[in-house]
Amino acid sequence: MSSSPADQQAARRKTGRPRSTRAPDAIRAAAVRLFSEHGFSGTSVRDIAAAAGVDPALVIRHFGSKEALFLETVSVDHSLRGVVDGPLDTLGRAILRRLVEEVPDDTRKLYRALFGALDRTEVRAYLESSTARHVTAPLAERLPGPDAAIRAELIAAQIAGLLMSGRLFGGGRGPHPDPRVLDIYARAIQALIDSP
């Protein structure tokens, strides 16, 4: 039984050299840089393609949409992973150290880009899912006393509020937040962690 010309061509493609990841990697790198600098709304598919040295159609072919590319390149999962691990009696301060004080400036820019795109349904759903997976669910399991799930949600809201606030970026005075703000926030988070 002979195969069709289309089958023969598909078989040749499979046995040929692997597809290059050069274009997708260049697109990702350009997207991270442009989204960090200009946000979601200030960056177009054409801008990303030009910075990556590819045709705009290639961006859509590889990633499907600007939103999908944004979610792949502007992720906070790595920052949130393990953020609520550690001793409960000092967790309020530890959370802020991990999410704010020890975060490189490049990640701060990604936070800004992400929170600046919360008007996009896909971005909001991603952030809610990531927060539930890495913050509220593990915290609710660990918190002592009553209303653990509600307290975990309130802690997540406090964290989001600080990350969205200009205070995260030093209120215009530089890249680092005011230590007094972090001390107050740490006490507020710790009050919700401690058993009432």
| request: Could you list all residues from segment 92-118 that are farther than 21 Å from Leu143 by Cβ, open to solvent by 10 Å² or more (accessible area, probe 1.4 Å) and of a type outside the set (A, V, I, L, M)? | output: Glu101, Glu102, Pro104, Asp105, Asp106, Thr107, Lys109, Arg112, Phe115, Gly116
| remark: Of (1) out of contact with any Pro (no Cβ under 7 Å at 6 or more places or on another chain); (2) within 19 Å of Leu163 (Cα to Cα); (3) buried (at least 19 other Cβ atoms within 10 Å of the Cβ), Val84 fails just (1)
| Inside segment 135-165, can you point out the residues that are of a type in the set (D, E, K, R) and either free of Cβ contacts under 8 Å to residues at least 40 places away in the same chain or open to solvent by 50 Å² or more (accessible area, probe 1.4 Å) (or both)? | Glu141, Arg142, Asp147, Glu153
| request: Among the residues of segment 84-117, count how many are of a type in the set (Asp, Glu) and part of a helix (DSSP H, G or I). | output: 4
| query | Would you pick out the residues in segment 59-74 that are buried (at least 16 other Cβ atoms within 10 Å of the Cβ) and either among the aliphatic types (A, V, I, L, M) or in a loop (DSSP other than H, G, I, E, B) (or both)? | reply | Val59, Leu69, Leu71, Val74
| request: Only residues in segment 20-48 that are without any contact (Cβ under 8 Å) to a residue 60 or more places away in the chain and more than 11 Å from Thr73 (Cβ to Cβ) count as the first member; pair them with residues that are in a loop (DSSP other than H, G, I, E, B) and not acidic (Asp, Glu), Cβ under 7 angstrom, at least 6 apart or cross-chain, and list the lot. | output: Ala23/Val54; Ala26/Gly53; Ala26/Val54
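Is it the case that segment 22-38 has a residue that's open to solvent by 70 Å² or more (accessible area, probe 1.4 Å) and modelled with pLDDT under 90? Before the answer, list the steps.
Taking segment 22-38 first, the residues open to solvent by 70 Å² or more (accessible area, probe 1.4 Å) are 22, 25, 28, 33, 37-38.
Narrowing the set further to residues that are modelled with pLDDT under 90 leaves 22.
Taking every residue of segment 22-38 in turn, at least one turns out to be open to solvent by 70 Å² or more (accessible area, probe 1.4 Å) and modelled with pLDDT under 90.
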| remark: The one condition Leu163 fails out of (1) modelled with pLDDT of 90 or more; (2) closer than 14 Å to Leu99 by Cβ is (1)
| said: Which count do you get for residues in segment 41-57 that are out of contact with any Lys or Arg (no Cβ under 7 Å at 6 or more places or on another chain) and either at positive phi or open to solvent by less than 40 Å² (accessible area, probe 1.4 Å) (or both)? | reply: 6
| said: Filter segment 86-122 down to the residues that are farther than 19 Å from Leu182 by Cβ and without any contact (Cβ under 8 Å) to a residue 40 or more places away in the chain and list them by number. | reply: Leu118, Asp119, Thr121
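The values are calculated or read from the model by the stated rules, or taken from the named source; none is laboratory data. Because the structure is predicted, anything quoted here is derived from the model rather than measured. Positions of Cβ are backbone-derived with ideal geometry, glycine not excepted, and every protein chain shown enters the neighbour counts. SASA here: full protein model, heavy atoms, side chains in, ligands and nucleic acids out. Shrake-Rupley method; radii C 1.70, N 1.55, O 1.52, S 1.80 Å.
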